[in-house]
Amino acid sequence: MTILANLLRKIGFRKQGDALSRGSAEELRAAFKARYHNFTLLLSANNKALEIMSEMEEALKGNRTFGMSFIRAQCTGVTVNVFRIIQNLDRIAPGKYKELFDRFHDIQNSINELLASKKLPRGDRFVIPFSEIDRDVADQVGSKMSNLGDIRKNLGLRVPDGFVISAAAYERFFEYNDLQSEIDRLLQASSVDELDQLFSLSAEIQQLIIRAAVPEDLADAIREAYRELTIQAGAGVKVSMRSSALGEDSAGTSFAGQYRSELNVSPENLIQAYKEIVASKYSLQAIAYRANRGIRDEDIAMCVGCMAMINGTAGGVTYSRNPLNIRDDSILVHSVWGLPKSVVDGSAPSDLFVLSRMHPLQVVEKKIRDKEFKFVCYPDEGVCRLDLTGQQGALPSIEDSQATELAEIALKLEEYYGSPQDIEWAIGQDGAVYVLQCRPLKQSESAPGQYVQAPGAAEGEVLYAGGVTAGPGVAWGPVFVIRKDSDALLFPKDAVLVASQALPRWAALLNRAAAVVTEQGSAAGHLANVAREFGVPALFGVAGATELFETGEEVTVDALGQRIYRGRIESLLTRSDAVRNLMAGSPVYEVLEEAVEHVVPLHLLDPDSSEFRPKNCRTLHDITRFCHEKAVKEMFSFGSDHRFSERAAKQLVCDVPMQWWIINLDDGFKEDIEGKFVHLDNIVSIPMLALWEGIIAVPWEGPPPVDSKGFMSILLEATANPALDPSMPSPYANRNYFMLSRNFCSLSSRFGFHFSTIEALVGERPGENYISFRFKGGAADSQRRIRRAHFIAGILEEFSFRAEVRDDSVSARIEGYDQAVMKEKLKVLGYLIIHTRQLDMVMFNDASYNHHRDKLLQDIHSIITPLVARNAVPGRDMENSPS
């Protein structure tokens, strides 16, 4: 037999009188191979694009945190793959769908415009004095410093003299050293989900900023502003330098303790301290906080406030209402001797004064703690810790009259801003109260009760009772004791963080922690603020916690009840609130929502509609849908264009009473065959054979009985006939096509008035394996068709498919499993496409729905699964494998 004859049989020709030259036959075969190659590339890109779309939709559910780098990466990935889809379709059908390129570029431009950073004008002054600051310049000095300037200017409260190094200064510093482009590169290349990467990223960026030079014009402006301050506050005055990033201390995003502050700074170190505070924008906890709260890196310009240092005799924090109970309007004053540092960083216990709002204000409760040390200013620079001797540590750090004055200030600020406030303050050597910071207070929805009141204990072994509720709630998990910073690298997800101090840096772990337990700290500290914001139960003041609990020990933490139990206490956990989606409503979340609108919605649903055209592609998903449909059509039409379709498509010889046509794309047959029929034993396509096993596993008993009349009865009879006569023309008889190779299979089938498509790539590399399934249509009314769609999706989800229902259509995917598992999933699909035929007719109530669901699941579990159990990977639980 000649080579030419073999080649002609390969592509479906019989011997004819008009012989083709070897050259033209080779060209035809090469064209077919090229189409198949481009078709597989198109399917691969389509698979990747749909996977990215799914990830974007999943991110909107709030089950993970993400930043702008995630959005940019996803948008880049999906556009690259959609462009590859269009390119490969153009190679399959050159010039036929060139309008797709225009639609793609329009959508891509819309996405790029959305992702482009939109910087608001922030003025051009590098330094602004407090005397000129109020809430109207928040975009130039940050909300923290604008609040201080506002209350000083409009309320007449004492705020230390000072100035702010502005957002314009920050931008000048970054542009002078071209820092942003390098930082963007580092952020894009790192994952905020991996703690070791996060540590390394934070250190690298901070060092990059600290090593950078401050331009001379900016340095001169800072030095001149300090000189002006000495005129007001005295020669040689030291300053406290505090972060005031744009968006910091706004409602819902406190950034408490996430950035650096420098106390008692000398004029010689102003520039260095400025760089270190700017660098703290990329502290470990700040990067994690922004990621968890959905705040874009480019939206944060770091301003720095410089205020005359108050060497306080006492200091602390006032809450104008109870942060742990939204129904409690008590005023809470936390105080310590010396500077307020130990209150805000949670490093020591503080005195608590509870005041009633009723005038005249009075202290209704106070708890005086044993205070072992205080922070004071060094004469030259910096602060030091001094041990308290004698009786001072046991004495109240402030008088009741001072607590009352602080409560009056809190009420004034709450009335001015119209919401509860969190106020940091210090009492100077002159006895005057100075406001150092004021921000909105985050309150928790808790049951009515006293500030620290332990409700009745639940059943279970109590390991510890007592402590201070820093964040309400109940959580369960394994203990993880942190004794040194490097331990944080090993902190597992959903563990209970146990540490000696409630340090702000532990905030970087809150998105992974089930609860927080510390030996020291108060409800007024930074970590407590962030824990409440994240909805993480926090119990501080648990004496000996790092020795009492062992890593790996499972406990239930009832923070409001101030108890820690051994093991899991269901009675408490069932009453706990679900953790809310912190990303919702954030700038990053809103950007993703807008981006998704250009990517995910599918408008081109019906390929038979006159609207199914390139010009009507409004999203990238529309383009993928259009390209996939046309690619399949072009693969089928290739044969007819070259007058060999009748021979390229072989009819499958089988006992299933409907027509099945096979197109061998490459190596799907065991050997070349002549004629128009192919037997199953000559097919070697792995996914097709697995699908076929499911199709024939249980004979179809025909359509379920339906009481239908008139046209519906005729329609039912026409579509339910299982024995289609191949000699009779039918609009549906030619719709069941397999295109296959050894590892690939694409089935396009139409049974009556519903159609389905299955694509599968199954080989030796699990990472490349995937199955995609789509189902739509039916002859019943829309309500029953929709119910059937949910019916099918529910069954697929039982077998680890990711299924989505839109109206009466179902789409489902699964990927990444080894060959044995993928074959099992294909058998499930084969069974379903046969046995869900015309079930929409009987989807009229829950009883019918449940009856048929139980029947199908029983078949699958008792017949389909055992068929492949012997082919499964040894020791692998296929039923429960993750998808």
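So how many residues does region 306-325 have that are among the hydroxyl-bearing types (Ser, Thr, Tyr) and in a strand (DSSP E or B)? Final tally of qualifying residues: 2.
Of the helices (runs of 4 or more DSSP H) lying entirely inside region 113-232, those containing at least 2 residues that are without any contact (Cβ under 8 Å) to a residue 24 or more places away in the chain and over 25 Å from residue 261 (Cβ atoms) span 179-188. Can you confirm whether residue 539 is outside the structural domain of residue 343 (by TED's automatic domain parsing), under 30 Å from the mean Cα position of the chain (by Cα) and not in a loop (DSSP other than H, G, I, E, B)? Considered against the rule, which asks whether it is outside the structural domain of residue 343 (by TED's automatic domain parsing), under 30 Å from the mean Cα position of the chain (by Cα) and not in a loop (DSSP other than H, G, I, E, B), residue 539 comes out as yes. Restricting 126, 130, 163, 104 to residues that are of a type in the set (Phe, Trp, Tyr), modelled with pLDDT of 90 or more and closer than 30 Å to residue 629 by Cβ narrows the list to 104. Within the option set 817, 831, being assigned to a helix (DSSP H, G or I) and either at pLDDT below 85 or not basic (Lys, Arg) (or both) holds for one residue only, 831.
Residue-wise test of (1) crowded, with 20+ Cβ neighbours inside 10 Å; (2) outside the structural domain of residue 686 (by TED's automatic domain parsing); (3) more than 23 Å from residue 855 (Cα to Cα); (4) modelled with pLDDT under 75.
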{"site": "720", "(1), (2), (3), (4)": "no, no, no, yes"}
{"site": "739", "(1), (2), (3), (4)": "yes, no, yes, no"}
{"site": "747", "(1), (2), (3), (4)": "yes, no, yes, no"}
{"site": "761", "(1), (2), (3), (4)": "yes, no, yes, no"}
{"site": "769", "(1), (2), (3), (4)": "yes, no, yes, no"}
{"site": "774", "(1), (2), (3), (4)": "no, no, no, no"}
{"site": "790", "(1), (2), (3), (4)": "no, no, no, no"}
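Yes/no matrix, rows are residues, columns are (1) assigned to a loop (DSSP other than H, G, I, E, B); (2) at pLDDT below 65:
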site	(1), (2)
430	yes, no
436	no, no
439	no, no
451	yes, yes
458	yes, yes
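If you filter region 358-406 down to residues that are touching a Leu at 6+ places or on another chain (Cβ under 7 Å) and among the charged types (D, E, K, R), you find that the one that is surrounded by the most Cβ atoms within 10 Å (Cβ to Cβ) is 374.
Hey, among the residues in region 749-759 that are of a type outside the set (Ser, Thr, Tyr) and in a strand (DSSP E or B), which one's modelled with the highest pLDDT? Walk me through how you get there before you give the answer.
At the first step, the residues of region 749-759 found to be of a type outside the set (Ser, Thr, Tyr) are 750-755, 758-759.
Checking which are in a strand (DSSP E or B) leaves us with 750-751, 754-755, 758-759.
On the way: 750: 70, 751: 64, 754: 67, 755: 75, 758: 89, 759: 83.
Out of the qualifying residues, it is 758.
The strands (runs of 3 or more DSSP E) located wholly in region 335-414 that include 1 or more residues which are among the polar types (S, T, N, Q) occupy 351-356, 362-367. Do we find a residue being in a loop (DSSP other than H, G, I, E, B), within 23 Å of residue 342 (Cβ to Cβ), of a type in the set (Asp, Glu) and at pLDDT 80 or above anywhere in region 514-522? Checked against the condition, which is being in a loop (DSSP other than H, G, I, E, B), within 23 Å of residue 342 (Cβ to Cβ), of a type in the set (Asp, Glu) and at pLDDT 80 or above, region 514-522 yields at least one hit.
Taken as a whole, the structure places residue 201 among residues that are surrounded by 14 or more Cβ atoms within 10 Å (Cβ to Cβ) and closer than 30 Å to residue 492 by Cα. Only one of these is among the small types (Gly, Ala, Ser), open to solvent by 10 Å² or more (accessible area, probe 1.4 Å), in contact with an Asp or Glu (Cβ under 8 Å, 6 or more places away or on another chain) and in the same structural domain as residue 287 (by TED's automatic domain parsing): 143, 181, 131. Name it. Only one candidate qualifies: 143.
Scanning region 776-788 for residues that are assigned to a loop (DSSP other than H, G, I, E, B) and either at pLDDT 80 or above or open to solvent by 60 Å² or more (accessible area, probe 1.4 Å) (or both) yields a single hit, 781.
Within region 147-178, the set of residues being polar (S, T, N, Q) and either crowded, with 24+ Cβ neighbours inside 10 Å or farther than 28 Å from residue 230 by Cα (or both) comprises 147, 166, 177. Only residues that are under 18 Å from residue 396 (Cβ atoms) and either outside the structural domain of residue 428 (by TED's automatic domain parsing) or at pLDDT below 90 (or both) were counted in region 351-368, giving 0.
Selection over region 834-850 of residues that are modelled with pLDDT of 80 or more and in contact with a Leu (Cβ under 8 Å, 6 or more places away or on another chain) gives a count of 1.
The values are calculated or read from the model by the stated rules, or taken from the named source; none is laboratory data. All values derive from a computational prediction rather than experimental measurement. In this analysis, Cβ positions are derived from the backbone assuming ideal geometry, glycine residues included, and neighbour counts consider all displayed protein chains. Please note that ligands, DNA and RNA were not included when accessible areas were found on the heavy atoms of the full protein model with its side chains. Shrake-Rupley method; radii C 1.70, N 1.55, O 1.52, S 1.80 Å.
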